[in-house]
Amino acid sequence: MTDTVKLVVDGVTVDAPKTYTLLQACELGGAEIPRFCYHERLSIAGNCRMCLVDWVGAPKPIASCAQTVGDMAPKKDGTPHEISTRSPRAIKARAGVMEFLLINHPLDCPICDQGGECDLQDQAMGYGRASTRYTENKRAVDDKNMGPLVKTIMTRCIQCTRCVRFAAEVAGVDEIGLANRGEDAEITTYLEKSLTSELSGNVIDLCPVGALTSKPYAFNARPWELRKTESIDVMDAMGAAIRVDARGPTVMRILPRVNEEINEEWISDKTRFVWDGLGRQRLDKPYVRENGALKAVTWDEALKRAAEFLKVPGDQIGVIAGDLADAESMKATLDLATSLGVKSIDCRQDGAKLGVAADGSKLPRESYLFNSTIMGIDEADAILLIGVNPRKEAAVLNARLRKAWLRMVPVSVVGERVDLTYDYKYLGAGPDSLGELKAGHPAFDELANAKRPLVIVGQGALTRGDGAAVLNAVSALAANVGAFADGWNGFNVLHTAAARVGGLDLGFLPAQGGKDVAGIIAGAQSGEIKTVLLLGADEIDTSKLGKANVIYIGSHGDNGAHRADVILPAAAYTEKSATYVNTEGRVQRTQRAVAPKGDAREDWAIVRALSAYVGKTLPYDSLVQLREKVGADHPTFLGLDFAPGRHGDSKAPPYGAAGSLQSAPFKSAVSAFHLTNPIARASRTMAECAELAAGVNPAVAAE
């Protein structure tokens, strides 16, 4: 029995899979089918009727999005069905549908933010009538409150229900619905409540009219005014594909790009709306602290002062890389630190016990990567989450997990009992529950019987004092349930920092006898460490750095800059072409969309200039030369956009170090989703979202 059906679409014969809709089959034949309610990643609604086609022999035009090819009964004579998308009947039917859709639509095109990117505008031109026959009064609908991110002008709404289906199916938060019926039907949030999903901004992209638009971006620019730069997101460790739209020196908005292997076509609200933080609280000139106050100086003066601080023995210097540091800047900093004899080097601001074994040797990449790959979640048939809250730590990845759950894949959790937008079996809060997962335990047997078991451990479990023992226990558990098999590695570490995997790959870790982040901070407090170089490190307690001289290289006036004695202003991720490695181990690059602010420079160039001032000039003068050095020293950086998965010659689990586990429960590494880095903390939009999430002035329904 064949799995395809032969159709003739506008005279072109196609073999369409039986699972295809007629709309998809027509597109196989090269036809263009207009649509409003249909979307490839959402369930079928069939309520806009714009996709009408002429099924030859049928009594009336048919909605092609709602007709499955496999359900089309064979013709008695055995010939294939004929579909016409350009017949007079199909053209007249679409024109009629468009006329109905525009009956109540306001004439807002000159002032609508969707102008230039509006599906309704485009399809009205392509498929609509030249004039309207409607002379009655138009209806109007009250605008709804959807919070600080999504602006609503609901009179424009055509009830395609894309936003409703996205909220329910992908985001997993039933906060948008269709109220009333007929002419009174309205899309609304329940009780006029602000949207709480971390993915809510995606409804802006989904809306085919101007009913849902970006509130922070409103009236800022028209799409044809913007330069469009393809780049990579660094707000979490996923490395989602984004497009940065800028006008002049300013980033105006950030949109998703399609990447099936990582983010499909979704991005988190933090990724989308953090752009206003790129222009606020910026460090745009060098500063030196004199008599307790920071004073703006020239680059020459700042670099001379920084060089003075570095002219101490190497064992009195500590170097810490932050969560947004790129690979090039970390490589330059590492090379400079090594030339100065510095051993106290670390990229693990949160103290995660990753990358280094108990004997000081480096652990294999598989011990700290998301080995199954993000796309591999779609293949999993049993999932265990340990010490991780993916909804806060990687919101788009959480949507993948929800998609797996919708396929009836069982999910179990050891850690915090939180709303993940899908049901799961709660096994317990901490290591005690983890230790109970042995043969005979229902959750263990479920994983062991699965063909593709998936185990995800988060930073909340690995940043504790017993993080190395937790890593050991989890990797051993993964091995026991068969997560390490030919063609499959189900052991996954979910990172929260964009810089972390790149730093681990580069070996930005304490050398033999060197101190980690906690040791550097303790050494600075005791006076053992005289100078601390912070490469965008803002997530540490800078108040504990004692009397140490602090050199800060970064883009924003955050925690590190407040404590710094020398500030060397650097570029943000939209202002440089830089390399990052995501949680899968995939090497990716951002692209420069705008110039750095003021006198700021790219991080690696600052370190290169500083090296000359300390008499240890680094052997590269351009980004190309630096990348050649990175590739020569660390071959993993030679392959762009490749998720490695498991290598056959890697060290076998367990990883980490065997030891006793603490009884304290696991906690997520992210407590405030909207405020995880200096750019987000500088954003007014993120501050407003954080207040709502924390319950400040929450909306209250009338009694």
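The values are calculated or read from the model by the stated rules, or taken from the named source; none is laboratory data. Given the structure is predicted, the values throughout are model-derived calculations rather than measurements. Cβ atoms come from the backbone with ideal geometry, glycine included; neighbour counts cover every protein chain shown. The area values use the complete protein model at the heavy-atom level, side chains included, leaving out ligands, DNA and RNA. Shrake-Rupley method; radii C 1.70, N 1.55, O 1.52, S 1.80 Å.
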Which of Lys92/Lys228; Lys270/Lys515; Lys576/Lys667; Lys362/Lys629; Lys270/Lys438; Lys270/Lys362 exceed 29 Å between C-alpha atoms? The answer is Lys92/Lys228; Lys270/Lys515; Lys576/Lys667; Lys270/Lys438; Lys270/Lys362
Going from most exposed to least, what order do Asp119, Asp486, Asp359 have by accessible area with a 1.4 Å probe? Asp486, Asp359, Asp119
Have a look at Trp604, Pro208, Gly523 and report the one farthest towards the positive end of the charge dipole of the chain, computed about the Cα centre with Cβ charges (Lys/Arg +1, Asp/Glu -1). Trp604
Can you tell me the FRET efficiency between Arg280 and Lys60 if r is taken as the Cβ-Cβ distance and R0 is 45 Å, rounded to the nearest 0.05? 0.20
With everything on Cα atoms, drop me the angle between helix 517-526 and the longest principal axis of the chain, reported from 0 to 90° to the nearest 10. 40
Can you tell which of Val411, Met98, Gly659 lies farthest toward the positive end of the dipole of the chain, using +1 and -1 charges on the Cβ of basic and acidic side chains (Lys, Arg; Asp, Glu)? Met98
Got a number for the accessible area of Asp276? Probe 1.4 Å, square angstrom, nearest 10. 30
Sequence-distant lysines (8 or more away, or on other chains) whose Cα lies within less than 16 Å of Lys151: Lys193, Lys215
Lys425 to Glu192: extension gain in nm, 0.36 nm per residue of separation minus the Cα-Cα distance? 80.6 nm
Rounded to the nearest 20 debye, what is the charge dipole size of the chain about its Cα centre when +1 sits on each Lys and Arg Cβ and -1 on each Asp and Glu Cβ? 740
Mean accessible surface per residue for segment 559-621, computed with a 1.4 Å probe while every protein chain stays in place, in Å²: 29
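Remind me, relative contact order of segment 55-164 in percent, using alpha carbon pairs under 8 angstrom and six or more residues apart?
Relative CO of segment 55-164 lands at 23 percent.
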For segment 549-687, what does the alpha-carbon gyration tensor say about shape, rounded, prolate or oblate, given a ≥ b ≥ c as the root eigenvalues, a/c under 1.5 as rounded, and a/b over b/c as prolate? oblate
At R0 = 41 Å, FRET efficiency that the Cβ-Cβ distance of Asn291 and Ala518 yields, to 0.05: 0.85
Under a crude label model (7 Å from the Cα following the beta-carbon direction), how far is Asp445 from Ser663 in nanometres? 2.9
Just to confirm the number: angle between the C-alpha axis of helix 395-406 and the first principal axis of the chain, 0 to 90 degrees, nearest 10? 50
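Could you calculate the contour length gain from Ser526 to Trp299, that is, 0.36 nm times the residue separation minus the distance between their Cα atoms, to one decimal place in nm? Working shown, then result.
Numbers: separation 227, 0.36 × 227 = 81.72 nm, distance 3.09 nm.
My answer for the length gained is 78.6 nm.
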Simple spin-label model, 7 Å along Cα-to-Cβ: Lys544 to Ala476 in nm? 2.9
Ignoring everything but the protein chains, give the 1.4 Å probe accessible area of Cys118 in square angstrom, nearest 10. 10
Modelling each spin label as a point 7 Å along the Cα-to-Cβ direction, I'd like the Arg133/Ala694 distance in nm, to one decimal. 6.0
Please say if segment 367-422 is rounded, prolate or oblate, where rounded means a/c under 1.5 for a ≥ b ≥ c the square roots of the C-alpha gyration tensor eigenvalues, and otherwise the choice is prolate for a/b larger than b/c and oblate otherwise? rounded
Based on Cβ point charges of +1 for Lys and Arg and -1 for Asp and Glu, what charge dipole magnitude is obtained for segment 1-135 about its Cα centre, in debye rounded to the nearest 20? 600
Starting from segment 444-550, pick out the chymotrypsin sites (Phe, Trp or Tyr not before Pro) whose DSSP state is loop and whose Cβ has at most 10 other Cβ atoms within 10 Å. none
Please report the carbon-and-sulfur percent of the accessible area for the chain; probe 1.4 Å, protein heavy atoms only, DNA, RNA and ligands left out. 51
Options (1) 38; (2) 24; (3) 20 for percent of Cα pairs over 50 Å apart; the value derived from the coordinates is listed as (3)
Quick check: the angle from helix 88-101's long axis to the longest principal axis of the chain, C-alpha only, nearest 10 degrees? 60
Potential lengthening between Ala687 and Ala218 on full extension [0.36 nm per residue; Cα-Cα distance subtracted]: 167.0 nm
Charge dipole of the chain built from unit charges on the beta carbon (Lys, Arg +1; Asp, Glu -1), centred at mean Cα; most positive-end Cα among Val164, Ala571, Val53 is Ala571
List the residues whose amide H sits under 5 Å from the amide H of Gly147, counting only those 5 or more places along or on another chain, with H placed 1.01 Å from N in the peptide plane. Leu195
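Shape call for segment 270-351 from the C-alpha gyration tensor, a ≥ b ≥ c root eigenvalues: rounded (a/c under 1.5), prolate (a/b greater than b/c) or oblate?
oblate
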Straight-line reach check, Lys6, cutoff 18 Å on alpha carbons, 8 or more apart in-chain or any other chain, hits among aspartates and glutamates -> Asp15, Glu27, Asp54, Asp71, Asp77, Glu82
Among the aspartates and glutamates, select those whose C-alpha is under 14 Å from the C-alpha of Lys144, and discard any that sit fewer than 8 residues away in the same chain. Glu175, Glu186, Glu192
Taking amide hydrogens as modeled 1.01 Å from N in the peptide plane, which residues meet the under 5 Å criterion relative to Met252, leaving out close sequence neighbours? Asp245, Ala246, Arg247
Dipole in debye (nearest 20) - segment 414-557, about Cα centre, beta carbon charges: Lys, Arg +1; Asp, Glu -1: 320
